[in-house]
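See below for the structure under consideration.
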């Protein structure tokens, strides 16, 4: 989100950034009958992606990645 902060500063302020990214979307996916998984640790990323790609899968799948708010980012590739 760090890259978008400067661009978003010009909006009208109706929806603060810290409020638009709250909630538990993995729970919501499960409530709608799909598979929802919340990933909170770096070591969970690969297993979550591998599990999401296993066959057969006939349900919708949502992986929710929880990250920290950061405002610094590299300008170098």
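Before we move on, is residue 38 over 27 Å from residue 75 (Cα atoms), in a strand (DSSP E or B) and modelled with pLDDT of 85 or more?
Judged against the criteria, residue 38 is a match.
Please determine, by comparing only the residues of the stretch 51-68 that are within 12 Å of the chain's Cα centre (by Cα) and in a loop (DSSP other than H, G, I, E, B), which one is modelled with the lowest pLDDT.
Filtering first and then ranking leaves 68.
Taking residue 48, is it surrounded by 10 or more Cβ atoms within 10 Å (Cβ to Cβ), at pLDDT 90 or above and in a helix (DSSP H, G or I)?
yes
The values are calculated or read from the model by the stated rules, or taken from the named source; none is laboratory data. Note that the coordinates shown come from a computational prediction; the quantities given were computed from them, not determined experimentally. When we count neighbours, we look across all protein chains shown, and the Cβ atoms used for this are built from the backbone with ideal geometry, even at glycine.
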